[in-house]
Amino acid sequence: FTIEQAFRGALDRGQLAVHYQPLVHLATERVDGFEALMRWTHPELGAVSPVEFIPVAEDTDMIVTAGAWLLEESAAQAQAWRAANPGRGPLHVSVNLAVRQLREPGLAECVRQILARTGLPPEGLWLEVTESGFMEDPDTCLRTLHDLESLGITLCIDDFGTGYSSLSYLQRLPVAIVKIDRAFVAGVGDGGPNESIVRAVLAMAHALGHRVVAEGVETATQRDWLRSNGCDFGQGWLYGKPLPAVEQHAAFTQLT
Ligand code: G
Ligand code: G
Ligand code: MN
Ligand code: NA
């Protein structure tokens, strides 16, 4: 069988799960939210990486179904965390959107219904898109992004720096958050060449009024450098690996 055939039955067979990775506000060390990441465990193949199955799912309509499931699942989880911790302040979940989802004309309405069903307020949802995705059908994508923005959702550019035309899209897209790819975050604090790149991205993003997340923060050296250079949020193994909600809950109450 092919990966595509196997993935087709994954959702109905209960093989999909969501793992959550904390995203920390660097100045306060407070958990601001979690990135939701899809996990697939196949009975014979074992754990299949999203790097393998997301592109396959994207080539068909399967990403739309699985993506909607993940959105609802993680919105419900975020709302459960908020309800269990009243008065702690904001807590968001950040969900990756595939190009294919972004090109669905009904996406904003689907998201609106998920917020209504789960009770998650729009400020509790961040959505991550990549520049490369956007470029395939900019007009449709831009319309959808504006519809999502009107709902009050926070939009992020994911993997920033790895795509094309970063600069023009940074200005054109209605995004509030720039996530710097972990390739650039590696080595900051050690005087390497990435420091200049990250400083430039921070200056540019802040000049445009965006906040910045550094991905792949693995060491205290990186964290300290990022914080002293004004980066807003950090995400990475230093703070926690992606884990199922029940396991993340313990880490979360510790980190809060
Ligand atoms: O969690 P991990 O590093 O294995 O994820 C690898 C890649 O898969 C990341 O780039 C991540 O953005 C992507 N990914 C994980 N979950 C989802 C998802 O639910 N939807 C989409 N579109 N991409 C995802
Ligand atoms: O592309 P995206 O940012 O959505 O992918 C997130 C992926 O990065 C997750 O699959 C996660 O497993 C991985 N990841 C998260 N934190 C770290 C980290 O500190 N170091 C490394 N090498 N990978 C990480
Ligand atoms: Mn992401
Ligand atoms: Na990323």
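What follows draws every value from the coordinates through simple rules; no lab data is involved. All figures in this text were calculated on a predicted structure; none of them were measured in a lab. Cβ placement follows ideal geometry from the backbone for every residue including glycine, while neighbour counts extend to all protein chains displayed.
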Cα→Cβ-extended label distance, 7 Å offset, between Ser228 and Glu247, nm: 3.4
Among Leu45, Leu173, Leu107, residue whose mean-square fluctuation peaks in a GNM of the chain (springs only between Cα atoms under 10 Å): Leu45
Calculated [θ] (222 nm, deg cm²/dmol) that DSSP helices of n ≥ 4 give over the chain, each run adding -39,500 (n - 2.57): -13500 deg cm²/dmol
Ordering of 230-238, 71-79, 206-214 by packing [mean C-beta count within 10 Å, highest first]: 71-79, 230-238, 206-214
Rounded to the nearest 20 debye, dipole of the chain from Cβ charges on Lys, Arg, Asp, Glu: 680
Interchain or long-range residues, amide H under 5 Å from Leu155's placed H: Leu127, Ala176, Ile177
Amide H contacts of Leu26 (H built 1.01 Å from N, under 5 Å, at least 5 apart or other chain): Phe233, Gly234
For peptides 177-186, 59-68, sequence by mean Cβ density within 10 Å, most packed first: 177-186, 59-68
